[in-house]
There are 2 protein chains.
Amino acid sequence: MMKHFDKRALLSTDKSYRRDFVNCLSGYKSLNLIGTKSDSGKTNLAPFTQVFHIGASPPLIGILFRPHTAERHTLENILASKFFTLNHVTEAFYKEAHHTSARWEESEFQATGLEEEYLEGFWAPYVKASPLKIGCTLAEVQTLQINGTVMVIGEIAHVFVEEKALGEDGFISLETLGTVTVSGLDEYHVGRKLARLSYAKANVPLTEI
Amino acid sequence: MMKHFDKRALLSTDKSYRRDFVNCLSGYKSLNLIGTKSDSGKTNLAPFTQVFHIGASPPLIGILFRPHTAERHTLENILASKFFTLNHVTEAFYKEAHHTSARWEESEFQATGLEEEYLEGFWAPYVKASPLKIGCTLAEVQTLQINGTVMVIGEIAHVFVEEKALGEDGFISLETLGTVTVSGLDEYHVGRKLARLSYAKANVPLTEI
């Protein structure tokens, strides 16, 4: 049985229902902890599920920041310092990752016990426990007129990845890394592989790679 | 062992390696089939992994279109008609979904055997087999200066969702739906739930919902 919501029905649900519902609609979301550091040297760590691929040449990654949320520390640090890190989250520390979203007085690294790591002289802190860490420099900022969402585009300056997950063709196995994915605001999952499929051509059957 | 790539090392890999590698970096990606129809009535169906939540009030969803790719039929139809559908993909038809990315002469619905469905008088076709279908109207278009990527923002006009997956609080279980997620360009997964976690507060232990 399918349940139907039209726009009026959606807008008449209460705010909390609508937030949970609409956050599930796009499907599984990536999860990255973003590490930043303020001018005064205070570190910040926060979970983001609106991080996505933008291009491979040059290598670019995008992040959406909702207007007027607690996450603004991350955005302010990125705009001021021009540096940030993205860190995949695994089953071993997804609860600590979730807990970084609370309003802590101290740095979220200290608060949750996740260890900072500094690599190759990069300003922003990485998460030591993460099996895939990306160092980015700020490349472009755009504001979406429709609701004030801010889109930050970062250029990838460094990647650190667990060697055992990296294939000869450049493909990275997220299952080998143990990368976690999110649905809605607060449900965590790992992936179970179905298959990797060949490049699709018309009238040619697909094969598994 | 961690392997390190700096920007120079990344740019010196060959194009195919870099495309596979960079496409994996953001983590698991959502998968949606986008259904559209041209002015002349020809339907189109194509898989997209750059679809993301933008806001709940009003309910908005964003899609990135790479510049100069075969996917432009979808973009052209959206710009001309102002309507499109998003359809979750399950294990039952993810191979057909992948195959819609080939260059077919005929409509991808006919080519792959996925059945069109028209609901509530909406112009764009849904995928009948999908357990979560969204009808969107075009709300905003922006081009990213940095690489010509086009961002389309859709306002959600209709949602059709399998009732058994919908919780009382508005949360939708993607595992109950059987929704598929993608890594890189061509590896397909389903999710295995770890937990749903309580709203995070400083100095208060998390609980599982």
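The values are calculated or read from the model by the stated rules, or taken from the named source; none is laboratory data. Everything quoted here is computed from the prediction, not taken from an experiment. Every residue, glycine as well, gets a Cβ built from its backbone with ideal geometry; the counts of neighbours run over all protein chains shown. SASA here: full protein model, heavy atoms, side chains in, ligands and nucleic acids out. Shrake-Rupley method; radii C 1.70, N 1.55, O 1.52, S 1.80 Å.
Here are the numbers for this structure:
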item	result
The stretch A:65-133: chymotrypsin sites (Phe, Trp or Tyr not before Pro) in DSSP loop, at most 11 other beta carbons within 10 Å	none
Per residue accessible area in Å² of the stretch B:56-181, where ligands, DNA and RNA are left out and the probe is 1.4 Å	39 Å²
Largest-first ellipsoid semi-axes for the stretch A:2-79, taking √(5λ) over the Cα gyration tensor eigenvalues, angstrom	31, 18, 10
Vicinal HN-Hα couplings computed from phi for the stretch A:203-209 (Karplus, 6.51 cos²θ - 1.76 cosθ + 1.60; Hz; Gly/Pro x)	6, 10, x, 6, 10, 8, 7
Trypsin sites (Lys or Arg not before Pro) within the stretch A:1-102, DSSP loop, no more than 15 other Cβ atoms inside 10 Å	A:K42, A:K82
Listed residues B:V22, B:I172, B:F5: farthest to the positive end of the dipole of chain B (Cβ charges)	B:F5
Chain B - mean residue ellipticity at 222 nm from DSSP helices (-39,500 (n - 2.57) per run, n ≥ 4, rounded to 500)	-5000 deg cm²/dmol
Estimated inter-spin distance, B:A9 and A:S40, nm [label 7 Å along Cα→Cβ]	3.6 nm
Compactness of the protein assembly as shown - radius of gyration and Dmax, Cα, Å	20.3, 60
Summed residue charge, Cβ within 9 Å of B:F171's Cβ, Lys/Arg positive, Asp/Glu negative	-4
Pairs of lysine residues in chain B - Cα separation under 23 Å, sequence separation of 8 or more or cross-chain	24
Three-way shape call for the stretch B:84-129 based on the alpha-carbon gyration tensor, with the a/c threshold at 1.5	oblate
Chain A, relative contact order [Cα under 8 Å, separation at least 6], %	21 percent
Cα-based convex hull, the stretch B:107-180, per residue volume (Å³, whole number)	163 Å³
3J(HN,Hα) from dihedral phi, the stretch B:97-112, Karplus parametrisation 6.51/-1.76/1.60, rounded to Hz, x for glycine, proline	4, 4, 5, 5, 7, 6, 8, 8, 6, 7, 4, 4, 4, 5, 4, 9
Viscosity 1.306 mPa s, 10 °C: Kirkwood-radius Stokes-Einstein D of chain B over Cα pairs, µm²/s	85 µm²/s
Kirkwood-based shape ratio for the stretch A:44-163, expressed as Rg/Rh from alpha carbons	0.94
For B:L60, net neighbour charge (Lys/Arg +1, Asp/Glu -1) across residues whose Cβ lies under 10 Å away	-2
GluC sites (Glu not before Pro) within the stretch A:1-100: DSSP coil, no more than 15 neighbouring Cβ in 10 Å	A:E91
Nm distances between copies for A:E115, ranked from closest, using label points 7 Å along Cα→Cβ	5.7
Pseudo-label separations to other copies for B:D14 - Cα-to-Cβ vector, 7 Å, nm	5.9
For A:Y199, label point 7 Å along C-beta direction: distances to other copies, nm	5.0
Overall form of the stretch A:52-98 per C-alpha gyration tensor (a/c, 1.5; a/b vs b/c)	oblate
Calculated SAXS-style log₁₀ I(q)/I(0) at q = 0.29 Å⁻¹ - the stretch A:156-209, Debye, Cα scatterers	-1.13
